[in-house]
Amino acid sequence: MSGKKPVTMLTDQDAAMAKALASQWPETCHRLCVWHMYQNAAKHLSGMFERFGSFTKDFSSCVYDHDEEEDFLNAWDQMLAKYNLRDNSWLKKQFELREKWALVYGRQIFCADMSTTQRSESMNNQVKMYIGYNYDLLRFFHHFERLLADRRYEELKADYKDNQIFKVFSKELWLTWDCEMHHIETTETISSYKVIPSGKFCHHIVIFDSSSSPVSCSCKKFEFAGILCAHAWKVLLFQNFKRIPSQYILKRWTKEAKIGVINSINSFMSTRSNDPKVDVGSRYKILLRWYSHLAARAAMSEKTFDIATGDGEKILSKVETTLKQLSIEESLNTCGKTFSIDASEKDEDIEKNVQGIKCKPKRKGDGSSIRLKSALEKDTKKRNRRIVKSVKTVREEKKSQVHDDHLNLNVLNSCGQLTSQRTQQQWDSTLDMNTMNQSTITSMVDLLQAQIPQPRFLQGGNLEENQKNIWNT
């Protein structure tokens, strides 16, 4: 919004929104939606609407009809007394918020004749027609662009076909024939009139100044909606005005409403930030808005196109020249800063070499290329050392076990050789004697086996199996 704040904000009776508006935009006029107020009244005062047909008229009169605060307060008090609603809690709460919904308190603030949030509600319905809740981000933007394109096309058709503001003006002009006017007084060039609309019990005061042709009405429709009311028109017609005074034709109601650019330079100067990149983006947006309007208008004819291109080349050359000068100045300033920094560093080196100046001893990690290790790195290194040590221990145990196995095998072999030698000698001796039987041989083998140490694979076995193994050996 280029730093501009809204003049009026219409919301429902949401406490969080009211608190946010009061804290962020205290200058903005916060108004409550009259439509939502009627909906709440239908819930809390449903019995009144059903029993009394005139209650709706009296309630609407308090909201819309009164020009002075005193008249509003009297009408509100009469309504409470008439329908016995003085103890109604909802009406007491609404009366505390009367400055946000009663038009008598907001007529002097421009609202484009809007007192409800119907415009935003209709826009929400339009969005729901194009976008679903299950859309992803890509599909959302695709359909949202379709919505914007369709809305812009409808706006373009309305600019050239429909003239809604003329219909509103015609309605006010026709209402002048039903108004009753009475002259009150004239002081020098200022005249005052009392105008009573048809079917209304209240009246409005219209003041006319013949010197400058301004007219003002107590209903303040021009201040609230931007259009002269029927009461003011009644006086202007009585003064023989054939044309609308130029000060009462707002640009927003004409075909030239989109011609020109909103002046955002002052708002940019007031909201300038300390970040150069942010300022560059803000300036870019302002220039883009200006020159997009310039391109749209200059493209309408060859003459305007030649004017825009000729002046554009001159502006571009001036901008390039200025940017070059700024870059040279920035480079010179940068060199000057670098020179001053180098000189200060040299002075510090000289002071360090002067005798008598004590320098702090250099500690580990101060200014060196060795990086100090963290506690996690130190703990990881200790853990790796313990793992390597345990692996070495396991390897040594395996080596000793293998060595013991080799020794056992050597002992077994030697035992087998000794047994075979002794058995051969005894066998030879028994063969020579020719008198030895089988029982004698068995007893000799048992005697020899008791004297020989048994290897591990023979321990715990059966005697017959051990004998067989010995004989096999």
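None of the figures in this text is laboratory data; all of them are computed from the coordinates on show. Owing to the predicted nature of the structure, the values given are computational and were not obtained by experimental measurement. Note that each Cβ is placed from the backbone with ideal geometry, even for glycine, and that neighbours are counted across all protein chains shown.
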Convex hull volume of the stretch 139-203 per residue (C-alpha atoms, cubic angstrom): 193
Volume of the Cα convex hull of the stretch 72-210, divided per residue and given in Å³: 227
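Give me the Å³ per residue figure for the convex hull around the C-alpha atoms of the stretch 117-161.
Numbers: hull volume 3.1 nm³, N = 45.
Each residue corresponds to 69 Å³ of Cα convex hull volume.
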Among 153-160, 115-122, the order from most to least packed when residues are scored by Cβ within 10 Å on average: 115-122, 153-160
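Give K277/K303; K4/K220; K4/K251 a once-over and call out the pairs whose C-alpha atoms are over 27 Å from each other.
K277/K303
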What is the distance in Å between the Cα centroid of the stretch 152-174 and that of the stretch 1-79? 28
In whole Hz, with x marking every Gly and Pro, tabulate ³J(HN,Hα) for the stretch 29-43 from phi via Karplus 6.51 cos²θ - 1.76 cosθ + 1.60, θ = phi - 60°. 7, 9, 10, 9, 5, 5, 4, 5, 5, 5, 5, 5, 5, 5, 7
Could you sort 242-248, 145-151 so that the peptide with the highest average Cβ count within 10 Å comes first and the rest follow in order? 145-151, 242-248
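Once you keep just the Cα pairs under 8 angstrom separated by 6 or more residues, what percentage relative contact order results for the stretch 1-116? Can you show the working numbers first?
On the way: 94 pairs, mean separation 38.5, N = 116.
With pairs under 8 Å counted, the relative contact order is 33 percent.
Report, in listed order, any pair from K100/K157; K167/K255; K5/K92; K19/K258 with a Cα-Cα distance greater than 25 Å. Don't skip to the end; give the middle numbers.
Values: K100/K157 36 Å; K167/K255 15 Å; K5/K92 32 Å; K19/K258 34 Å.
Beyond 25 Å between Cα atoms: K100/K157; K5/K92; K19/K258.
Summarise the long-distance tail of P(r) for the stretch 265-328 by giving the % of C-alpha pairs beyond 18 Å. Write down the numbers at each step before the final one.
Details: 1117 of 2016 pairs.
It works out to 55 percent of all Cα pairs.
Highest mean first, how do 208-215, 220-227 rank when packing is the count of other Cβ atoms within 10 Å averaged over residues?
On the way: 208-215: 14.1, 220-227: 18.5.
Descending mean neighbour count gives 220-227, 208-215.
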Just add up the charged neighbours of S216: K/R +1, D/E -1, any other residue whose Cβ is under 10 Å from the Cβ of S216. -1
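Calculate, in whole percent, how much of the Cα-Cα pair population of the stretch 164-256 lies beyond 24 Å. List each step's numbers first, then the result.
Numbers: 724 of 4278 pairs.
Roughly 17 percent, rounded to a whole number.
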With no solvent and one equal point scatterer placed on each C-alpha of the stretch 1-116, evaluate the Debye formula and give log10 I(q)/I(0) for q = 0.13, 0.16 Å⁻¹, two decimals. -0.54, -0.80
